[in-house]
Amino acid sequence: MSAPTTAALSSALAIRTPWKLILAYLPMLLLTAMMMTGGRPISPDPLEWIPLAISFLFFNILFFLMLRTGFTDRYRVILFSTMAFLFVIGFIANLIEMRGSMALSESAMAQGETPFCHMVIPVTLIPAALTRTIIFPGHLLGGFAPIAGMVALWIGASLALGRGFCSWGCFYGGLEDGFSRLLKKPLIRRIGRHWTYLPYAILLAVVLLSAATLSPAYCEWLCPFKTVTEYNEVNNFRTLLQAVIMVALFAGLVVVLPILTRKRTQCGLFCPFGAFQSFTNKVSAYDIRIDRTKCVDCGKCAQVCPTFSMDADSISRGGTRLSCCRCGKCVDACPKQAISFHIKGTEAGASPKWSRLLFLYPAFLFLAVFGGSMVQWGLYRILLLLSTGSMVK
Amino acid sequence: MVKKIMKMSGYGWAIAGVPIILATFMGMDFWAEGLVKATGVKVSPIYSGGEIARSIEHNGYRTLVREPVFASLVGQSAEGFVQIDWQKAEGGQLPPRLEEDLDLHGDARADCRVSLDTTVPKAAVLTPPPRFISLEKALPIKDGVIVRIRLHRQ
């Protein structure tokens, strides 16, 4: 029997019967149409309808290919990385339009103008529980990226997807996922398992430090993504040091190491939010299971897993480690189709097509709605640049 | 039987994934408001400056004196700050320079005098309040200037 590879045109999970394909695809087409337009009439302004149309087609064509070919990660990564890169373009242009700079000044913080992001959530919980205050210079409701709105979004995503959020919703994860695909083969292959515990240690450290200082220590000192979003205005040695740390972390963990290892090194070896999000995998209905009767222990899944969530131990147990992000790369790569998306409570390998579809619907819908808005946002800025010569109004 | 129940609950929870995502996006403002109401959380006064204690109207602008903030994870910290906002009134302007007597402690008596150059902005404490430590900062905001004065709690 010839083993299918990731370069194959379709996998065993492909939906080949036309009417089944239409039945599986049509609801998503309607849901994305409804959610992306918000149920409102489409604006006649080309700067608005062109990004919407491109985004709608882009997401739906790739979802169709996911169903038709049976491959998940192959198409997910295109959407996920596009979302991340266009998010950066849209976010920076928005900041420059709002404040004239990517730098976050003390004045902006005093006025609660800092957009909140999910990465801060873990460090806010202890102070919120003990002092009923959120240690973040943003606003709770209304405006751009309010705290309560982002927390509500995170709760919904976590209930439905668990740490799948990190592969289907995190607008930062797509950056390193994209960089990790640049080389065909990794130049660094061996990374000790002990490094995979580092995110939990960092999580503990930033949670305790933030509680002790009543300030979001992770944002101030360790967030690599401030390099491409907003950073504290550099006006003294402390802020200079913060800037140097974040640029070094971004260059190392988000660009260079993902290229060299073909892994998501920030997500797998550093991100405290990712470590925290791992625990939500216990709540989610979906996981990844290995049918041990089919598995030949070739280790391909562990080799390709971008977040170090598979190793010999987990494979022998027929599953993944807690940190699994449900990206589907192992499912695509398994030469024996032994790995599948799985619904908890059912037997491993039971109805793999149904289980995959039941996972894909909420995961893809989240990506299409959340990521779709970012893709539109970024495309709008690019079109604005092409039509007016400037990305800001 | 147990296996069947587990299987049915598994599928039930999995099918709920789409409604959860739809409800999350469609009702985001509703959930966000509910979350704030249910938990009663606010933005930390370290960032917001604290609750407004008194508002003094002037010609073209107003002075907001906030409650002193001694934020701590448990109890109160030994040191904190009090924030004063000078805000333009609608259609008004802040004077380029001002001096004002302020009642920081809410005992209806002025216990501090501050001068402010609103153009830079730059502040000076002319008469320090009780338990004064230092002038922390003066920052421009959209509609005025804020000043923070560091204080000992006791």
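Kindly evaluate A:GLY192 against the criterion of being in contact (Cβ under 8 Å) with a residue 40 or more places away in the chain and away from chain B (no Cβ under 14 Å). When the stated conditions are applied, A:GLY192 does not pass them. Taking helices (runs of 4 or more DSSP H) as the structural unit, those lying wholly within the range A:233-306 and holding at least 1 residues that are open to solvent by 20 Å² or more (accessible area, probe 1.4 Å) and not aliphatic (A, V, I, L, M) correspond to A:237-249, A:272-278, A:300-304. For the range B:106-120, the set of residues classified as closer than 17 Å to B:VAL65 by Cβ and surrounded by fewer than 19 Cβ atoms within 10 Å (Cβ to Cβ) consists of B:GLY106, B:ASP107, B:ALA108, B:ARG109, B:ALA110, B:ASP111, B:ARG113, B:SER115, listed by residue number.
So for the range A:102-110 (the condition being in the same structural domain as A:GLN376 (by TED's automatic domain parsing), of a type in the set (D, E, K, R) and either surrounded by fewer than 20 Cβ atoms within 10 Å (Cβ to Cβ) or not in a loop (DSSP other than H, G, I, E, B) (or both)), does at least one residue qualify? No, the range A:102-110 has no match at all. Taken together, the criteria place A:CYS219 among residues that are buried (at least 20 other Cβ atoms within 10 Å of the Cβ) and more than 21 Å from A:GLY192 (Cα to Cα).
Would the range A:83-95 turn up any residue that is assigned to a loop (DSSP other than H, G, I, E, B) and either under 30 Å from B:PRO140 (Cα atoms) or in the same structural domain as A:ALA275 (by TED's automatic domain parsing) (or both)? No: the range A:83-95 contains no residue that is assigned to a loop (DSSP other than H, G, I, E, B) and either under 30 Å from B:PRO140 (Cα atoms) or in the same structural domain as A:ALA275 (by TED's automatic domain parsing) (or both). B:ASP101 - would you say it is surrounded by fewer than 14 Cβ atoms within 10 Å (Cβ to Cβ), over 18 Å from A:ALA128 (Cα atoms) and not β-branched (Val, Ile, Thr)? Criteria met by B:ASP101.
So which residues in the range A:204-232 are assigned to a loop (DSSP other than H, G, I, E, B) and closer than 21 Å to A:GLN277 by Cβ, if there are any at all? Residues satisfying the conditions are A:PRO216, A:CYS223, A:THR229. The numbered conditions (1) at the interface with chain B (Cβ under 9 Å from one of its Cβ atoms); (2) open to solvent by 10 Å² or more (accessible area, probe 1.4 Å) are all true for A:PHE144 except (1). Number of residues in the range B:40-51 that are within 7 Å of another protein chain (Cβ to nearest Cβ), without any contact (Cβ under 8 Å) to a residue 24 or more places away in the chain and not aliphatic (A, V, I, L, M): the value is 4.
The values are calculated or read from the model by the stated rules, or taken from the named source; none is laboratory data. The model shown is predicted, which means the values in this text are computed figures rather than measured ones. Cβ sites come from the backbone with ideal geometry, for glycine too, and all protein chains shown count toward neighbours. Accessible surface areas use protein heavy atoms only, side chains included; no ligands, DNA or RNA. Shrake-Rupley method; radii C 1.70, N 1.55, O 1.52, S 1.80 Å.
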